[in-house]
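I have placed the structure first, in the form of structure tokens, so that the comments after it can refer back to it.
The values are calculated or read from the model by the stated rules, or taken from the named source; none is laboratory data. Only a predicted model underlies this, so the values are computations on that prediction, with no experimental measurement involved. In this analysis, Cβ positions are derived from the backbone assuming ideal geometry, glycine residues included, and neighbour counts consider all displayed protein chains. These area figures cover heavy atoms from the full protein model, side chains too; ligands, DNA and RNA do not enter into them. Shrake-Rupley method; radii C 1.70, N 1.55, O 1.52, S 1.80 Å.
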Amino acid sequence: MKWYASLATACVFLAACGAPSGDSGESEAAAESVAEPTGLLNVYSARHYDSDKELYKRFEDETGIRIRFRESGAAELLEAMKAEGDNSPADVIISSDAGTLYRFKDAGLMQPVESELLATRIPEHFRDPDNHWYGLAKRLRVIVYDPARVEPEQVDEYADLASANLEGDVCMRSSTNIYNLSLMGELIDRLGKDTAEAWARSVVANFARPPQGGDTGQIEAIAAGQCSVALVNHYYWVRMTQGSDAQRKSVEKTMLSFPQQDSWGAHVNVTGAGVAAHAPHKEAAIQFIEWLAGEEGQFLLTTETKEIPLVAGAEMPEGLDRLPPDFKESVFPLNKLGENQAEAQAIYDRAGWN
Ligand code: FE
């Protein structure tokens, strides 16, 4: 796990927040002489992109507010915040999964934020109804397929992945992956538990190989002829179109299908942020989230990740023009992805989707 880090100094944070010594490799003595500056913001992020560090740096340069960030898995951050209780130094919580944001809210680790700017810029269905978190960038979970082996009509619904005519043709990553859990979180609601489970069982029956690898790996497996369909988040595909020669060669053998265009729309999730329940720097926290919903924040959040900016009129990252110009995306209460998460895993487990 990455422990506390800062663009300037890492050890100050540890001293200031009373984190136990000995597990960080930082010297307490070195930290003692440094007073906590006034313009400070502590970010707990479940994201893991180098480009986020650029983003933090830009915010620091523009505002003079120094960012200290802690990047870790969502579950680990959640447990850490619970343990820290009222003394948690966390100001802002960032995650690239709405279900995860809900789980922080549900655990009492976030607080509501009234922001006219955010209410105006962030569409209602991309923010928490109680204003505990706000979506900032979109990510679509779609079907990737080999157009040499599969017709587009064969993969225009998630249900198609369970079709008998794709037997032995389906690659998937593990069901414990949050993207698959959140998709199931929506399917439970859309289809009902029983139908969702039947779907999972039939998808498993179509597996070309046991679940393995990440989203990029599924695209590579299709290009290598190991299978002809898989689920991926759109941005992995887009990044590969700008990747190494080998990646470009692979990805150009595949196409994306945005499912459910005649019904509820493709499953969409968000990267979002909320203010921690005991944020020591609440004003700065709100300022940061509002900045992320601004022109520069939207650009820096998405330009490398190839997520889709959520604020209307924001500049589109290079490469997103490879996506269909107009696609229908699901309008769905995203907190349900978190509410349904345990059930989603139980369904996958019963279906034998490891
Ligand atoms: Fe990802």
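Listed here are the residues, each with its yes/no results for (1) within 19 Å of ALA279 (Cβ to Cβ); (2) open to solvent by 10 Å² or more (accessible area, probe 1.4 Å); (3) away from the ligand (no atom under 16 Å from the Cβ).
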| position | (1), (2), (3) |
| --- | --- |
| SER51 | no, yes, no |
| ASP97 | no, no, no |
| GLY108 | yes, yes, yes |
| LEU117 | yes, yes, yes |
| PHE126 | no, no, yes |
| TYR134 | yes, no, yes |
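Please determine whether any residue of region 57-68 is of a type in the set (Ser, Thr, Tyr), within 24 Å of THR302 (Cβ to Cβ), surrounded by fewer than 18 Cβ atoms within 10 Å (Cβ to Cβ) and more than 19 Å from the chain's Cα centre (by Cα).
Residues of region 57-68 of a type in the set (Ser, Thr, Tyr): 63.
Filter once more, keeping what is within 24 Å of THR302 (Cβ to Cβ): 63.
Filter again for surrounded by fewer than 18 Cβ atoms within 10 Å (Cβ to Cβ), leaving 63.
Narrowing further to those that are more than 19 Å from the chain's Cα centre (by Cα): 63.
Yes - at least one qualifying residue is present in region 57-68.
Residues considered: GLU157, GLU252. Of these, the only one that is touching a Ser or Thr at 6+ places or on another chain (Cβ under 8 Å), surrounded by 15 or more Cβ atoms within 10 Å (Cβ to Cβ) and modelled with pLDDT of 95 or more is GLU157.
Taking into account only those residues within region 217-236 that are at negative phi and open to solvent by 10 Å² or more (accessible area, probe 1.4 Å), which is nearest to the ligand (Cβ to nearest atom)?
Residues of region 217-236 that are at negative phi, as a first pass: 217-224, 226-236.
Now restrict to residues that are open to solvent by 10 Å² or more (accessible area, probe 1.4 Å): 217, 220, 223-224, 226, 236.
Working: GLY217: 12, GLU220: 15, ALA223: 19, ALA224: 21, GLN226: 21, TYR236: 7 Å.
Looking at the filtered set, the residue picked out is TYR236.
What tally of residues in region 183-212 results from selecting those that are small (Gly, Ala, Ser) and open to solvent by 30 Å² or more (accessible area, probe 1.4 Å)? Adding up the residues that qualify gives 4. Residues in region 237-249 that are among the hydrophobic types (A, V, I, L, M, F, W, C), surrounded by fewer than 19 Cβ atoms within 10 Å (Cβ to Cβ) and within 16 Å of the ligand (Cβ to nearest atom): none. Just give me the residues in region 75-92 being aliphatic (A, V, I, L, M) and either within 20 Å of VAL113 (Cα to Cα) or buried (at least 22 other Cβ atoms within 10 Å of the Cβ) (or both), in sequence order. Listed by number, the residues that qualify are LEU77, LEU78, MET81, ALA90, VAL92.
Tell me, yes or no, whether region 300-312 has at least one residue that is free of Cβ contacts under 8 Å to residues at least 40 places away in the same chain, of a type outside the set (Ser, Thr, Tyr) and more than 16 Å from the ligand (Cβ to nearest atom). Taking every residue of region 300-312 in turn, none turns out to be free of Cβ contacts under 8 Å to residues at least 40 places away in the same chain, of a type outside the set (Ser, Thr, Tyr) and more than 16 Å from the ligand (Cβ to nearest atom).
Which residue out of ALA200, ALA196, ALA221 is in contact (Cβ under 8 Å) with a residue 40 or more places away in the chain, closer than 21 Å to VAL331 by Cα and not in a loop (DSSP other than H, G, I, E, B)? Can you show your working first?
Numbers: ALA200 fails: closer than 21 Å to VAL331 by Cα; ALA221 fails: closer than 21 Å to VAL331 by Cα.
Being in contact (Cβ under 8 Å) with a residue 40 or more places away in the chain, closer than 21 Å to VAL331 by Cα and not in a loop (DSSP other than H, G, I, E, B) holds for just one of ALA200, ALA196, ALA221, which is ALA196.
Scan region 187-204 and tell me whether some residue there is within 16 Å of the ligand (Cβ to nearest atom), among the aliphatic types (A, V, I, L, M) and modelled with pLDDT of 95 or more.
Start the filter on region 187-204 by keeping residues that are within 16 Å of the ligand (Cβ to nearest atom), which leaves none.
No, that holds for no residue.
Within region 226-238, residues that are outside the structural domain of LYS253 (by TED's automatic domain parsing) and touching a residue at least 24 places away in the same chain (Cβ under 8 Å) have Cβ atoms under 8 Å from residues that are open to solvent by 10 Å² or more (accessible area, probe 1.4 Å) and within 9 Å of the ligand (Cβ to nearest atom) in no pair, counting only partners at least 6 apart in sequence or on another chain.
Looking at region 160-179, which of the residues that are assigned to a helix (DSSP H, G or I) and closer than 30 Å to ASP52 by Cβ is least open to solvent (accessible area, probe 1.4 Å)? First the steps, then the outcome.
Filtering region 160-179 for residues assigned to a helix (DSSP H, G or I) gives 160-162, 164-166, 178-179.
Filter again for closer than 30 Å to ASP52 by Cβ, leaving 178-179.
Numbers: ILE178: 45, TYR179: 25 Å².
This residue is TYR179.
Give PHE258, PHE288 a once-over and let me know the one that is closer than 23 Å to TYR179 by Cβ, more than 16 Å from the ligand (Cβ to nearest atom) and either within 21 Å of the chain's Cα centre (by Cα) or outside the structural domain of LEU337 (by TED's automatic domain parsing) (or both). Don't jump to the end; show me each part of the working.
Details: PHE288 fails: closer than 23 Å to TYR179 by Cβ.
Just a single option satisfies the conditions, and that option is PHE258.
Beta carbons closer than 6 Å, at least 6 apart along the sequence or on distinct chains, pair a first residue in region 126-150 that is outside the structural domain of SER115 (by TED's automatic domain parsing) and assigned to a loop (DSSP other than H, G, I, E, B) with a second that is at pLDDT 95 or above and open to solvent by 30 Å² or more (accessible area, probe 1.4 Å) for PRO147/MET255.
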